[in-house]
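Contents: one structure, followed by commentary.
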Amino acid sequence: MNFRFITSVLLACMLLAGCNRDNASLRFYSEIKSVDKLILARMTISKMATIDDITLSEAKNIKETADALINTVKIGDRIAVYSYDTYLRAYIDMSELTPADVRVDEDSHTISVTLPAIKTEFEGRDLPIRENHYRVTGLRSNINAKERATIKEQMNESLKEEVRRNPAFQNHVKAEARRKAIAYFESLLSGAGYTADISFKSI
């Protein structure tokens, strides 16, 4: 009798401990997931371009050839230098976190969190280009709004293509984001009295 009674009590305690661990995991999972989209790092990338009159070597059709010929006899200079910034940021989409990604070990007082993969995106801001240099003299025509809009679009596309081709940009901002994510969650969980073990999923 006594043996069976003690065994039942031990079993109940073990089940209760398991339930507490599951509840703790779900509680921390809910708290961490509530962050939603966690933006961790941001990088400014600049591009520079010039506008001047078309030359004969650059002409691609009859009209451009005619314009280039006229430009050779015009008096004066026509050149402008513009720069344009865009922003690449690294973030974690916390909506991808699942309950299985948060595990609480009450014995060691450790919480293991496997975070979603760090992703990057261009920040959607339509910033104006900066005019770094402008020189139009003599009979040359002023640089108009259409030319500025065209050069801005070309710089934007060129810059984004360069980022897509060169992984160094994304690698740098992801590394910074990874460092900040670990520091953030270690601080968050240590405040609750736990040691954090943070890892990341791969894309």
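The values are calculated or read from the model by the stated rules, or taken from the named source; none is laboratory data. Remember, it's a predicted structure, so these values are computed and weren't measured experimentally. Note: ideal-geometry Cβ built from the backbone for every residue, glycine included; neighbour counts use all protein chains shown. In case anyone asks, the SASA skips ligands and DNA or RNA and just uses the protein heavy atoms, side chains included. Shrake-Rupley method; radii C 1.70, N 1.55, O 1.52, S 1.80 Å.
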Q. Any idea how many residues of region 168-203 are more than 17 Å from residue 114 (Cα to Cα) and crowded, with 17+ Cβ neighbours inside 10 Å?
A. 3
**Q.** Flag if residue 156 is open to solvent by 90 Å² or more (accessible area, probe 1.4 Å) and either touching a residue at least 60 places away in the same chain (Cβ under 8 Å) or part of a helix (DSSP H, G or I) (or both)
**A.** no
**Q.** Matching residues, region 113-150, being farther than 30 Å from residue 103 by Cα, open to solvent by less than 60 Å² (accessible area, probe 1.4 Å) and in a strand (DSSP E or B)
**A.** 122, 136
Q | Residue that is modelled with the lowest pLDDT, among those in region 161-203 that are among the hydrophobic types (A, V, I, L, M, F, W, C) and assigned to a strand (DSSP E or B) | A | 196
Q | Residue list for region 30-53, filter: within 30 Å of residue 136 (Cα to Cα), open to solvent by 50 Å² or more (accessible area, probe 1.4 Å) and modelled with pLDDT under 80 | A | 52
